[in-house]
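Accompanying notes for the structure given below.
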Amino acid sequence: MYQTEVKGIGTEASAFEEEKMVILFGNNAPDELVDFCYIIDINEVKGDITEESMLKVDETEYEITKVGSAVRKNLNDLGHITLKFDGSVTADQSGTLYLEDKGMPKIKENSVLTIQ
């Protein structure tokens, strides 16, 4: 239902690893944020992202534990969401996709992110 590729990695993108967070943004990221983001292609989400969906980072799968209310719109419009790998079942942030807590993925340039 959704697939994108990492096109660039900001110099400070790993700054949020301790909080188990990854910030994605399309190639239109504001200058003041680009250093903190993983830059992705903006692609259309073709379907509803739910807790029954899975996120795949290259070959590693993560169960989705909660979907913020703005995730689909933000991915479609800006390519901008936060991935939080803490197993939360409550969406404290509307633009965050919450994922199982099983360790952070190793995201690199050309990594493929898929939601299925």
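A compact table of results
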{"quantity": "Residue selected from the range 47-85 under the condition in contact (Cβ under 8 Å) with a residue 24 or more places away in the chain, in a loop (DSSP other than H, G, I, E, B) and in contact with a strand residue (DSSP E or B) (Cβ under 7 Å, 6 or more places away or on another chain), by the criterion farthest from F25 (Cα to Cα)", "calculated": "S53"}
{"quantity": "Within the range 98-116, tally of residues that are in a strand (DSSP E or B) and more than 10 Å from M54 (Cα to Cα)", "calculated": "3"}
{"quantity": "Meets criteria (without any contact (Cβ under 8 Å) to a residue 60 or more places away in the chain, farther than 13 Å from I40 by Cβ, surrounded by fewer than 17 Cβ atoms within 10 Å (Cβ to Cβ) and polar (S, T, N, Q)) for S88", "calculated": "no"}
{"quantity": "Pick from the range 91-116, criterion farther than 20 Å from S69 by Cβ and hydroxyl-bearing (S, T, Y), ranking: surrounded by the most Cβ atoms within 10 Å (Cβ to Cβ)", "calculated": "S111"}
{"quantity": "Every pair of residues 6+ apart whose Cβ atoms lie under 6 Å, when the first sits in the range 98-110 and is closer than 19 Å to I81 by Cβ and at pLDDT 95 or above while the second is part of a loop (DSSP other than H, G, I, E, B) and not hydrophobic (A, V, I, L, M, F, W, C)", "calculated": "Y98/S88; E100/G87; D101/D86; D101/G87"}
{"quantity": "Condition met for T11 (part of a loop (DSSP other than H, G, I, E, B) and not aliphatic (A, V, I, L, M))", "calculated": "yes"}
{"quantity": "Tally of residues being assigned to a loop (DSSP other than H, G, I, E, B) and either closer than 14 Å to K7 by Cβ or of a type in the set (S, T, Y) (or both) across the range 23-46", "calculated": "7"}
{"quantity": "The range 1-26 - residue that is surrounded by 14 or more Cβ atoms within 10 Å (Cβ to Cβ) and among the polar types (S, T, N, Q) and, of those, nearest to E63 (Cα to Cα)", "calculated": "Q3"}
{"quantity": "Matching residues, the range 18-28, being under 21 Å from T114 (Cα atoms) and modelled with pLDDT of 95 or more", "calculated": "K20, M21, V22, I23, L24, F25, G26"}
{"quantity": "Of all residues making up the range 86-97, the number that are part of a loop (DSSP other than H, G, I, E, B) and either among the hydroxyl-bearing types (S, T, Y) or within 11 Å of the chain's Cα centre (by Cα) (or both)", "calculated": "4"}
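The values are calculated or read from the model by the stated rules, or taken from the named source; none is laboratory data. Note that the structure is a prediction, hence the values are computed from the model and not measured. Quick reminder, even Gly has a Cβ in these numbers, built from the backbone with ideal geometry, and neighbours come from all protein chains shown.
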